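The values are calculated or read from the model by the stated rules, or taken from the named source; none is laboratory data. Quick caveat: nothing in here was measured; it's all calculated off a predicted structure. Here the Cβ positions follow ideal geometry from the backbone for every residue, glycine too, while neighbour counts run over all protein chains shown. Ligands, DNA and RNA are excluded from the accessible area calculation, which covers all protein heavy atoms including side chains. Shrake-Rupley method; radii C 1.70, N 1.55, O 1.52, S 1.80 Å.
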Amino acid sequence: MKIDLIGAGSLGLLLGGKLASTGNEIRLWCRGELQAQELKMKGLTVSYVDERESLWIPGERLEASATTGFIDEYVQSPSDWVILTVKQNVLHTELVETLAPLRNYKPHIICFQNGSGHMEMLQELLPEAHLYVAVTTEAAKVKSPREVIHTGTGETWVGLWHHRKNDKRSVNDDSEAISLLTHLNAAGFLSHLSNEVESKIYRKLLINAIINPLTAIWRIPNGELLSSSSRMQLMRELYEEAITVFEAVGIEYDANAWENVLQVCQATAGNTSSMLADVLAGRATEIRWINGNILDMADRSGVAVPAHRWICRVMEGMNVEKG
Ligand SMILES: NC(=O)C1=CN([C@@H]2O[C@H](COP(=O)(O)OP(=O)(O)OC[C@H]3O[C@@H](n4cnc5c(N)ncnc54)[C@H](OP(=O)(O)O)[C@@H]3O)[C@@H](O)[C@H]2O)C=CC1
Ligand SMILES: CC(C)(CO)C(=O)C(=O)O
């Protein structure tokens with residue numbers, strides 16, 4: 001299978017390395033030429049936190065280039081799939097320009113982002129595209145421009161993005177999704193097709209909207225959120241506000257959603273959340289597409305969410321990107 005992977009960071013290098021190792025033709029699209037050169041010269045390494053042996057893909061088995069070359073290459077030689085693994089802020093800005101020339105094409109595009117709002121944006125930008133969502137609990141951390149650590153094994157759900165409310169197509173009848181799923185599983189990613197991927201997006205959004213900003217503000221690993229009652233109280237406030245919004249706009253949530261949040265804190269106790277990692281590295285965070293979307297839904301439905309509003313403002317004040 002020929003795959004274009006845009007965003008050669010933590011998730012992109014993990015997917016690219018493992019999918020290349022099972023014989024797929026991977027074209028990695030990096031932000032700059034420097035990383036692409038390094039990948040081509042030295043190859044790509046995926047390592048693990050347990051005793052598993054690292055995986056090394058020689059540079060000559062990969063194609064890697066700067067994203068500026070993507071559109072010409074795609075038009076000349078279209079891939080089976082375009083996988084997007086940039087952060088939300090990049091997807092909503094630089095990638096709009098990169099992807100806009102595909103407006104009259106019908107690429108198969110799958111998005112791995114946390115947060116929400118990006119699928120609606122892509123649907124408008126690329127009305128002819130076949131859009132898919134992936135929700136994953138895999139965890140990866142970039143170590144260098146050509147090395148990634150697979151920090152947590154999880155599961156991935158792949159679903160169709162339905163352009164219209166009455167679109168009743170099932171992903172189980174979609175041969176392209178079935179083929180992608182086969183390749184993801186062969187590469188070692190436990191993956192499933194799901195017709196409820198939208199509710200999975202919101203299930204993860206709820207978890208990220210509580211854990212990510214609080215760990216980023218207090219600069220603590222996920223597990224330490226559970227170590228004091230005042231921390232848990234603020235978590236609970238964010239939770240209560242979010243589910244009030246979900247109820248107001250008709251998003252279903254699990255009866256044990258609160259227990260899920262606590263369970264994720266325990267299961268990822270030693271993790272630096274992605275938002276804390278962004279803050280520590282001086283990068284923009286994904287707050288606008290996580291808590292910011294809860295805020296937008298609240299405003300549209302007249303629900304008061306003072307804790308989410310405050311947390312968005314605090315986090316937005318931290319978004320000082322290094323030049
Ligand atoms: N990492 C994880 O374990 C998980 C991540 N996610 C989600 O996946 C998404 C990606 O996250 P993650 O991989 O961690 O993020 P990273 O920041 O590690 O990777 C993003 C990559 O995109 C690159 N990039 C920036 N601008 C461009 C551009 N214009 N063209 C091409 N590439 C560009 C970045 O390059 P540079 O570094 O040079 O800026 C970086 O290599 C996020 O939405 C995240 O929430 C979901 C589940 C798990
Ligand atoms: C689940 C969690 C909170 C794990 O760290 C995550 O998705 C993130 O850090 O973005």
Seminar exercise, completed: How many residues of the range 16-61 are open to solvent by 10 Å² or more (accessible area, probe 1.4 Å), among the aliphatic types (A, V, I, L, M) and in contact with a helix residue (DSSP H, G or I) (Cβ under 8 Å, 6 or more places away or on another chain)? The answer is 2
Seminar exercise, completed: In the range 129-148, anything within 13 Å of ligand 2 (Cβ to nearest atom) and either not in a loop (DSSP other than H, G, I, E, B) or not assigned by TED's automatic domain parsing to the domain that holds K42 (or both) is listed as V135, T136, A139, A140, K141
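Quick one: would you say D80 is modelled with pLDDT of 95 or more, of a type in the set (D, E, K, R), open to solvent by less than 20 Å² (accessible area, probe 1.4 Å) and within 22 Å of the chain's Cα centre (by Cα)? I'd like the intermediate steps shown before the answer.
Numbers: modelled with pLDDT of 95 or more: yes; of a type in the set (D, E, K, R): yes; open to solvent by less than 20 Å² (accessible area, probe 1.4 Å): no; within 22 Å of the chain's Cα centre (by Cα): yes.
Taking the combined requirement at face value, the residue does not satisfy it.
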Problem set entry | helices (runs of 4 or more DSSP H) wholly inside the range 213-323 containing at least 2 residues that are open to solvent by 40 Å² or more (accessible area, probe 1.4 Å) and not small (G, A, S) | 229-249, 257-267, 291-301, 306-316
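If a residue has to be in a strand (DSSP E or B) and in contact with a helix residue (DSSP H, G or I) (Cβ under 7 Å, 6 or more places away or on another chain) to count, how many in the range 62-71 make the cut?
So the answer is 3.
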Exercise. Scanning the range 117-128 for residues that are assigned to a loop (DSSP other than H, G, I, E, B) and over 18 Å from V197 (Cα atoms), which turns out least open to solvent (accessible area, probe 1.4 Å)?
Worked result: L126
Exercise. Has the range 272-282 got at least one residue that is touching a residue at least 40 places away in the same chain (Cβ under 8 Å), more than 28 Å from W161 (Cβ to Cβ) and in contact with a Leu (Cβ under 8 Å, 6 or more places away or on another chain)?
Worked result: yes
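Please state which one of E286, E259 is of a type outside the set (F, W, Y) and free of Cβ contacts under 8 Å to residues at least 40 places away in the same chain.
The unique qualifying residue is E259.
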Problem set entry | Any pair with Cβ under 7 angstrom, 6 or more apart, that starts in the range 133-161 at a residue that is within 23 Å of H192 (Cβ to Cβ) and open to solvent by 50 Å² or more (accessible area, probe 1.4 Å) and ends at one that is within 14 Å of ligand 2 (Cβ to nearest atom) and of a type in the set (S, T, Y) | E155/T137
Problem set entry | Lone unmet requirement of (1) within 17 Å of the chain's Cα centre (by Cα); (2) closer than 26 Å to G152 by Cβ; (3) of a type in the set (A, V, I, L, M, F, W, C) for L62 | (1)
